[in-house]
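To start, the structure itself, in structure tokens.
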Amino acid sequence: ASGKVTALGDLDRNRIRELHDAELAWFRAERPRTLELLARAAAHMPNGTPMTWMASDNDQPVYVDRGDGASFTDVDGHHYVDFNASDMAMFCGHAHPSIVRAVQERAARSTQFLLPTEESILVAEELARRYPGQTHWQFTLSASQANTETIRLARAATGRDVILLFEGHYHGHFEEGLVDLEGGQEAPLQRGLSKGVTGRVRISQFNDVEGLRAALAAEDVALVLTEPALTNNIHFLPPERGWHDELRRVTRERGTVLAFDETHTHIVGGGGATGLWGLEPDVVTIGKAVGGGIPMGAYGVSDALAGELDHTKEVATGGTLFGNPLSAAAAVAALTEVLVPAAYEHTTALGEMLADGIDAALHDAGLPWTSYRFGPRAGQWYGPHPRTGADAHAMTDPELTRLLRIWMANRGIWEALPGAGPTVPVPAGFADVDRYLTAYTQLLVALTS
């Protein structure tokens, strides 16, 4: 018997499963060396991978040999145009010559002292130039850690405990960041979190001003942490007109710190979405592409908050490898030689081409889905434009997304992670986007014929 999936449109679930199973079998048959390495690795690494995400996010992970520019090559010799960009960490591209040179030069002079080097000043100056409201910066090894330290800073500054997030958020794998709504109640998304974590997190709806006001009414919220537009777990959710004005107004009224996580959104321009939309956060957190593929995270604070980070205040921040010279050297190269205005213009033009092609393919297939566009990023919702995270969650379709990802991989495209959307990396060209659109169109034909 056939049945409809979460995605709108007259789609047959059995057809989706049949296509998926056939594509996965083909994928595995073509990758004997990866299967051999997975089997060998399983003796000493659970799932045969160094991190569980590599298994859970992919029906079949591949072992990779090398990367160059917009593509990488697995150990069986298959090439993929990388529209995942390692979840934005490789937006600068693989083995970019400027970043390779900076890393090699820094490594030859040693990579760690637990003392500052001039590279960190250059990174802080450049980030402060891009985000003028954030005058002072600190460094970590990931955006997750930057968000963790931002939470601690906000708690120290306000004397409050509760953190407000929006349904469908993703800010990293730390305790508060792994709470979202289940059945209308705050709940841990994975095992292993402390039992009291749901009491320290409140979940509201992005774009819902009345819900925001209610969530902050008790004046017990230390921090609102959000992306300027939600980019993970629910594909994409842009702000409605006036949302950010109200978010800033209400947080100020209630004495709550406002932080924007620009880790995925900074790809739209030099000042990220904060600059693009003229936003006024107290804190900006960032990571991934700013390190050019080397572990790097950072957070910038306003003058008003900078005093809280004086070492005599003893806010719980820091780590042995935070602010290391290697990450800083890579970030200098990424920010000053790769992520320059011409790169943002180039990738935005390719993102427009990608979004236009997705829109045309959906129209030709007669599917009632909606395309979205955000600088170099594009994709589709499996239905109409959502307003809130709850709306967007209702349109996610894991089975269909799994088919999309394995279908694209068999045609030389490494698709974005399941909850995200394809992003055009800096070294990509028009031929790469065309290759994506050809494979995407072929999938829609297979689904609807």
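If we only count strands (runs of 3 or more DSSP E) wholly inside segment 192-288, which ones have 2 or more residues that are over 23 Å from the mean Cα position of the chain (by Cα)? Please lay out each step first, then the result.
Details: elements: 201-204, 221-226, 257-261, 283-287.
Passing ranges, in order: 221-226.
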Quick one: ASP261 ticks every box in (1) over 27 Å from GLU337 (Cβ atoms); (2) surrounded by 21 or more Cβ atoms within 10 Å (Cβ to Cβ); (3) of a type in the set (Asp, Glu) bar one, so which box is it?
-> (1)
Per-region count, segment 298-321, residues exposed (fewer than 12 other Cβ atoms within 10 Å of the Cβ) and in contact with a strand residue (DSSP E or B) (Cβ under 6 Å, 6 or more places away or on another chain) | 0
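To keep it simple, each residue is scored yes or no on (1) at pLDDT 95 or above; (2) part of a helix (DSSP H, G or I); (3) not assigned by TED's automatic domain parsing to the domain that holds ALA355.
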| residue | (1), (2), (3) |
| --- | --- |
| PRO418 | no, no, no |
| GLY421 | no, no, no |
| PRO425 | yes, no, no |
| ALA428 | yes, no, no |
| ASP432 | yes, yes, no |
| LEU437 | yes, yes, no |
| TYR440 | yes, yes, no |
| LEU443 | yes, yes, no |
Expected single match for under 28 Å from ASP397 (Cβ atoms), more than 22 Å from the chain's Cα centre (by Cα) and either assigned by TED's automatic domain parsing to the domain that holds HIS266 or not in a helix (DSSP H, G or I) (or both) among LEU19, LEU38, LEU11 is LEU11
Residue check for ARG155: in a helix (DSSP H, G or I) and more than 22 Å from GLY271 (Cβ to Cβ) | yes
Conditions (1) within 30 Å of LEU153 (Cα to Cα); (2) among the charged types (D, E, K, R); (3) in contact (Cβ under 8 Å) with a residue 40 or more places away in the chain: number failed by GLU314 | (3)
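Would you call ALA331 out of contact with any helix residue (DSSP H, G or I) (no Cβ under 6 Å at 6 or more places or on another chain), assigned by TED's automatic domain parsing to the domain that holds ARG106 and modelled with pLDDT of 95 or more?
Working: out of contact with any helix residue (DSSP H, G or I) (no Cβ under 6 Å at 6 or more places or on another chain): no; assigned by TED's automatic domain parsing to the domain that holds ARG106: yes; modelled with pLDDT of 95 or more: yes.
No: the conditions fail for ALA331.
Report yes if GLY293 is crowded, with 22+ Cβ neighbours inside 10 Å and assigned to a loop (DSSP other than H, G, I, E, B), otherwise no.
On the way: crowded, with 22+ Cβ neighbours inside 10 Å: yes; assigned to a loop (DSSP other than H, G, I, E, B): yes.
Yes.
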The condition of being at pLDDT 95 or above, buried (at least 16 other Cβ atoms within 10 Å of the Cβ) and touching a strand residue (DSSP E or B) at 6+ places or on another chain (Cβ under 6 Å) holds, among TRP407, TRP369, only for TRP369
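In segment 107-117, is there at least one residue being under 22 Å from the mean Cα position of the chain (by Cα) and either modelled with pLDDT of 95 or more or buried (at least 20 other Cβ atoms within 10 Å of the Cβ) (or both)? Let's see the steps before the verdict.
Pass one, segment 107-117, residues under 22 Å from the mean Cα position of the chain (by Cα): none.
Looking through segment 107-117, none of the residues is under 22 Å from the mean Cα position of the chain (by Cα) and either modelled with pLDDT of 95 or more or buried (at least 20 other Cβ atoms within 10 Å of the Cβ) (or both).
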Taking segment 41-81 and keeping only residues that are among the charged types (D, E, K, R) and over 25 Å from VAL426 (Cβ atoms), one is left with ASP59, ASP76
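The values are calculated or read from the model by the stated rules, or taken from the named source; none is laboratory data. Bear in mind the structure is a predicted one, so any value in this text is a computation, not a measurement. Every residue, glycine as well, gets a Cβ built from its backbone with ideal geometry; the counts of neighbours run over all protein chains shown.
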